[in-house]
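Enquirer: Take a look at this one; I'll ask things after.
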Amino acid sequence: MYMTKTIIRTEGLSYSYAKAVQTLSNIDLQVEQGAVYGFLGPNGSGKTTTISLLLGLLNHQQGSIEIFGKDFKHHRIDVLRRIGSLVEAPSLYGHLTAKENLEVYRPVYGVKPQRIKEVLKIVGLEDTGKKVCKKFSLGMKQRLAIALALLPSPELLILDEPTNGLDPAGIIELRQLIKQLNKASGITILISSHILSEVEKMVSHLGIIYRGKMLFQGTLQQLHAFQQQDAKLFINTSNNEAAIQLLDNYQPQYDGEKLMLTFSGIEQAAAINRTLVQNNLDVYLLQPAETDLEQLFINLTTTAA
């Protein structure tokens, strides 16, 4: 039987910056090989703290971190050699060109000069020539920072809020680059972001963290299924007063134009429709509320608040 390989696994990961403030509480993170994992949460929820722990930028206090099947505490250097990362602002030299910026770091990673040309092509900066970095757009700087993270040919790429400050064109370019890196190069990617509509277009899996606790982890399809128990159904009929009586068990709410009630899937929606029709009501509207990632995120975090 084929088994998916887990690239990142944390168990009971907890962290406090101060004794009275628990920043993370029992985070069980699991990122599978080949995934684009979206790590979501409001500002201050613990995303950057988690990523900093995964990269050894903070000493973890409780729980375990396993990356590439190795205990991070005892194999830190070996693990980090296989990871590329972009955390907060990219570390770039404004007076240097894209190629020169990469050349500064190339000896650190011990890669051949040819690798610079390869990564610049991957991120679409191969034709920037003698243009210095301080004259780059923010989107170009972000792509150069990703090129820097790609220098050592990492198996895992960790990006913390890479779309911060980008205009719509820059966001689209970055989204396409992430998809390319995942599909063409087979890189597993962990990306944190607050731009939910963009995350929905690029991820295969996601985790939602709120006030230091993991609220959900799984595929986007699993999140929709998880939320179906709280899905809303809008209804309008030829006699809404009668419909309210017929659907009393669902505790419908009525705003004067349409009914709204909670339902648990398409089978139940079909049963509701049958009840109305069999009681001689014409059904003008039977529509589930939109449940895109942004709405699902709001539902989860509102419930947890």
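Just so you know, all these numbers are worked out from the coordinates, no wet-lab data involved. Note that the structure is predicted; figures quoted are calculated from it, not measured. Every residue, glycine as well, gets a Cβ built from its backbone with ideal geometry; the counts of neighbours run over all protein chains shown.
Enquirer: Mind checking which aspartates and glutamates have their C-alpha under 19 Å from Lys112, skipping anything on the same chain fewer than 8 residues away?
Expert: Qualifying aspartates and glutamates at Cα under 19 Å: Glu100, Glu103, Glu126, Glu155.
Enquirer: Calculate the FRET efficiency for Val132 and Ile172 from the Cβ-Cβ distance with a Förster distance of 25 Å, rounded to the nearest 0.05.
Expert: The pair Val132/Ile172 has a calculated efficiency of 0.50.
Enquirer: Compute the longest continuous run of the chain that contains no exposed chymotrypsin sites (Phe, Trp or Tyr not before Pro); treat a site as exposed when its DSSP state is not H, G, I, E or B and it has at most 14 other Cβ atoms within 10 Å.
Expert: Segment 94-305 is the longest.
Enquirer: Enumerate the lysines that Lys258 could reach by cross-link, defined here as Cα to Cα under 27 Å, with residues fewer than 8 away along the same chain left out.
Expert: Lys232
Enquirer: Another one. Report, in degrees rounded to the nearest 10, the 0 to 90 angle that the Cα long axis of helix 293-304 makes with the longest principal axis of the chain.
Expert: 80
Enquirer: Longest exposed-loop-site-free stretch of the chain, with GluC sites (Glu not before Pro), DSSP loop and at most 16 other Cβ within 10 Å?
Expert: Segment 127-256 is the longest.
Enquirer: Do the sum for the chain: with -39,500 (n - 2.57) for every DSSP H run of n ≥ 4, divided by all residues, what is the mean residue ellipticity at 222 nm, to the nearest 500 deg cm²/dmol?
Expert: -11000 deg cm²/dmol
Enquirer: May I pose another question? What is the gain in length, in nm to one decimal, between Ala270 and His75 on full extension, counting 0.36 nm per residue of separation less the C-alpha to C-alpha distance?
Expert: Contour length minus Cα-Cα distance gives 64.7 nm.
Enquirer: How far, in nm, would the chain grow between Tyr284 and Gln222 when pulled straight, counting 0.36 nm per residue and subtracting the alpha carbon separation?
Expert: Roughly 19.3 nm would be gained on extension.
Enquirer: Give the cross-link partners of Lys5 among the lysines, using a straight C-alpha distance below 27 Å as the criterion and excluding same-chain residues fewer than 8 apart.
Expert: Cα-Cα hits under 27 Å: Lys47, Lys70, Lys73, Lys179, Lys183, Lys201, Lys213.
Enquirer: Once each part is reduced to its C-alpha centroid, what is the distance from region 84-163 to region 1-63 in angstrom?
Expert: Using only Cα atoms to place each centre, the spacing works out to 26 Å.
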